[in-house]
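Notes to accompany the following structure.
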Protein chains: 2
Amino acid sequence: MSNPDQADNLDLLIAAVESQNSERIRVLLSDLHSADVAKLLESLTPEQRPAVWSEVSPTAKGEVLVEVPDGVREDLLADMDKETLVTAVRYLDIDEIADLIPDLPDDVLADVLFNVDKDARASLGEVLSYPEDTAGGLMNVDAIMIRENISLRVVIRYLRLRGQLPEFTDKLFVVDRANHLKGVLSVSTLITAPASDRVGIHCDRKPITLNAMDPQEDVAQAFEKYNLISAPVVDEQEQLIGRITVDDVVDVIRDDADHSIMARAGLSQEEDIFAPVARSTKNRAVWLGVNLITAIIASWVIGQFEETIEKLVALAVLMPIVASMGGNAGTQTLTVVIRGLSVGTITHANAWQVIKKEFLVGGLNGVIWALAVAMVATLWYHDYALGLIIALAMIINIVISALAGVILPFILQRLGVDPALAGGVALTTITDVVGFFSLLGLAALFLI
Amino acid sequence: MSNPDQADNLDLLIAAVESQNSERIRVLLSDLHSADVAKLLESLTPEQRPAVWSEVSPTAKGEVLVEVPDGVREDLLADMDKETLVTAVRYLDIDEIADLIPDLPDDVLADVLFNVDKDARASLGEVLSYPEDTAGGLMNVDAIMIRENISLRVVIRYLRLRGQLPEFTDKLFVVDRANHLKGVLSVSTLITAPASDRVGIHCDRKPITLNAMDPQEDVAQAFEKYNLISAPVVDEQEQLIGRITVDDVVDVIRDDADHSIMARAGLSQEEDIFAPVARSTKNRAVWLGVNLITAIIASWVIGQFEETIEKLVALAVLMPIVASMGGNAGTQTLTVVIRGLSVGTITHANAWQVIKKEFLVGGLNGVIWALAVAMVATLWYHDYALGLIIALAMIINIVISALAGVILPFILQRLGVDPALAGGVALTTITDVVGFFSLLGLAALFLI
């Protein structure tokens, strides 16, 4: 989990910032990859960042801006004049410029567009015409295109003239005059097959192909499943418009995983750890507000049984146990089902089987922990009837919570709500309400 | 999130299994990639699996076994005779066989080893000598090695003789007679540079190199940071022993993300959704047991204030609000810090800055929600003093919870405990205890 080099570098960098030694800062940064510089800037407070940012070389600034999360990027952009910004952006790939554009001021954008060549401007227009989280938004426009009636020797000669291949070029794209994708030729074949053979003989005519509007999750699944390094992207007319490379897909996978983890606490994966206190407070307050409503609903349920509690205070002492055990059992089921839905192993086709299984597991665990809690309660209060009631309440709550854990993600998905974001709150509301109501209700009926 | 093709395939497959139509099952499976077959098998119940598994072609079975999670693999292996198993395993890569070996019966293992050639057996020994979660355990042994004093033309001629390159070959490895890694030659350079040049001129002498004992998290970070397709693995003597390819790294990243999500609910990422009920119950019961201890501690705190509650039942009604708001505020901080530690943006060097910031955010949110809850309580019970007490308790609990969210991951990490696994339980214990104690304690002091 730890990253000793990063910690050492950060220590040294903070020391250099505090002693205002800009020469030292430059030396510390000089050997680092832009991804490392981005991480260091993210690890600094907004007060420390300008001293470091000004020492990053003008041509490297663009790469760093691409790497940092949104919050940090805003912070860094605020400190840059137009000229530096245009220089920084000019050295980026088209797909990277496209990612930055939403954060760029209009006049900088105009200058950047003015400074790229006509072809690049057209390509940028193409990339920007698709939403950021689709294949079209992810693609780059550096695909090498060849015709199928030429020989491999000619292809190799063409590549020699062209010079170093773009990164992640494991295949060339075979197109006709109208740019329709006819197939792909792997670089491995290009090297190993007889040089006099024509491209057409060796071209794979059914390559895995992405459509510009495919969501990025599908792109990631295709890369994972078919072990791709690059894949062609076509528009609605089956014309090749770009290619996606595995490095961008790795970022999608990491972002997607971060989203699942952060969303559960109502956070964004783009959150800057040193965002201004006011902004962080506001971002988090919304989530706390939603949870407060949940908590008030649970309290209201308890409020309906004030008289019962007054007569038997032990209920107030024991009720959090029932609610919390239900919450934990439900969270386990919820986690399994949300993951199953997202990787595709749980679908409507086997939902009923999953419900049956989780009902049985919940039931068994309900009985086991009902017995344990009943024993604790009976020993604590020397009251068998109370032990019996809490055991019953536990079984009811664990079983209902387990079922809610299965069913909620399906309902939320159908409503178009992200289960990772809303599943936990919805589940807590149910487990608290059912937990308190079953214990206090049973007690009111049978004990008082 | 959804995966319509998978759902359709699963529907059709379940129908075929239920009508015992093995011909239809074979047709449904015939066009699918082994990763898709693996996912379908995972989506079936253990009762449905044998009918499908027997229709998977003998040579494809190996790939499927590699793809399924541990629980499902055990289930499938139990159904296979030795001969089928030997056939299935024989077609796999060395690194894949190495991954399966812990699950293979001894006699099958002996047969597999007997059936691979001597070189492969030696390689397998090499891969197996490193832990599964290190670079050595992840590597494959299909690196193409060349000498630096030959010309690119000779390299191309050698590759032509050799035939199709191994998957993910973006570079060749330049070694001396003793197999010491001297550098790498990119395939792109091989194609584009003059054929008469020697390898030595174009070889990158400082490639990103992994050591066999590097943990897999570091491997994943290196691939993400330096956008690699493949990287050489060397042993302690700097001898090239294999290479790691990006497809295996993508699996590491996905597994790592799954682990973070599942561990929070005390689950394993290898859990089979249709594992036998008894086994699932047992796996989950441990976690529920740990959480029960937490809940009992919280109850014990409430138990100390029975008299206070008896005199003012409103406290029993309101106390879950204080505990739950603290829990949510703490979880947000905990999530931010665990992620920061794992990606390396939070280290000891800036821990104090993070604590300061989270203290301020917690304080502000504490005040905001204290006011809101105080209003609710005052309106509900028409009791200003009660409103004041609950407001104070809220501020105390939200601030302490936020601080606990920062500090706990550091403590757990130092103790060698995975914060993703234990952070939540530890935090809940603190937020419940502090929440109940502050509200009931303040009430006992000032209200009763």
**Q.** Selection count, segment A:224-241, where residues are without any contact (Cβ under 8 Å) to a residue 60 or more places away in the chain, within 21 Å of A:S188 (Cα to Cα) and not aromatic (F, W, Y)
**A.** 5
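Report yes if B:V290 is in contact with a Gly (Cβ under 8 Å, 6 or more places away or on another chain) and modelled with pLDDT of 90 or more, otherwise no.
Numbers: in contact with a Gly (Cβ under 8 Å, 6 or more places away or on another chain): yes; modelled with pLDDT of 90 or more: yes.
It is true that B:V290 is in contact with a Gly (Cβ under 8 Å, 6 or more places away or on another chain) and modelled with pLDDT of 90 or more.
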**Q.** Given (1) small (G, A, S); (2) crowded, with 20+ Cβ neighbours inside 10 Å; (3) not in a helix (DSSP H, G or I), index of the condition B:S57 fails
**A.** (2)
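Confirm whether A:R121 is in contact (Cβ under 8 Å) with a residue 24 or more places away in the chain, among the basic types (K, R) and at negative phi.
On the way: in contact (Cβ under 8 Å) with a residue 24 or more places away in the chain: no; among the basic types (K, R): yes; at negative phi: yes.
No, not satisfied.
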Q) Quick one: which of B:F410, B:F436 is assigned by TED's automatic domain parsing to the domain that holds B:T335, over 25 Å from B:W300 (Cα atoms) and of a type in the set (F, W, Y)? A) B:F410
**Q.** Count of residues meeting criterion [among the hydrophobic types (A, V, I, L, M, F, W, C), facing chain A (nearest Cβ under 9 Å) and closer than 16 Å to A:R284 by Cβ] in segment B:345-372
**A.** 7
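Just one of B:L318, B:L364, B:L312, B:L388 is of a type outside the set (S, T, Y) and under 23 Å from B:V406 (Cα atoms); which is it?
Result: B:L364 is the single residue among B:L318, B:L364, B:L312, B:L388 that is of a type outside the set (S, T, Y) and under 23 Å from B:V406 (Cα atoms).
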Q) If we keep just the residues of segment A:351-386 that are crowded, with 23+ Cβ neighbours inside 10 Å and without any contact (Cβ under 8 Å) to a residue 40 or more places away in the chain, which is farthest from A:L408 (Cα to Cα)? A) A:A370
Q) With respect to A:A314, is the statement that it is over 30 Å from B:Q48 (Cα atoms) and touching a Phe, Trp or Tyr at 6+ places or on another chain (Cβ under 8 Å) true? A) yes
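Out of A:V27, A:V72, which single residue is part of a helix (DSSP H, G or I) and surrounded by fewer than 16 Cβ atoms within 10 Å (Cβ to Cβ)? Let's see the steps before the verdict.
Values: A:V72 fails: surrounded by fewer than 16 Cβ atoms within 10 Å (Cβ to Cβ).
After ruling out the rest, the residue left standing is A:V27.
Considering only segment A:296-313, state which residues are facing chain B (nearest Cβ under 7 Å) and touching a residue at least 24 places away in the same chain (Cβ under 8 Å). Quick ask: steps written out before the conclusion?
Of all residues in segment A:296-313, those facing chain B (nearest Cβ under 7 Å) come to A:296, A:298-299, A:302-303, A:306, A:309-310, A:313.
Within segment A:296-313, A:A298, A:I302, A:I309 meet the criteria.
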Q: Being assigned to a helix (DSSP H, G or I) and of a type in the set (F, W, Y) is the filter; apply it to segment A:272-305 and report the residue that is farthest from B:S342 (Cα to Cα).
A: A:W300
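The values are calculated or read from the model by the stated rules, or taken from the named source; none is laboratory data. Computed from a prediction, not measured in an experiment: that's the story for all the values here. Here the Cβ is made from the backbone with ideal geometry for all residues, glycine too, and neighbour counts use every protein chain on show.
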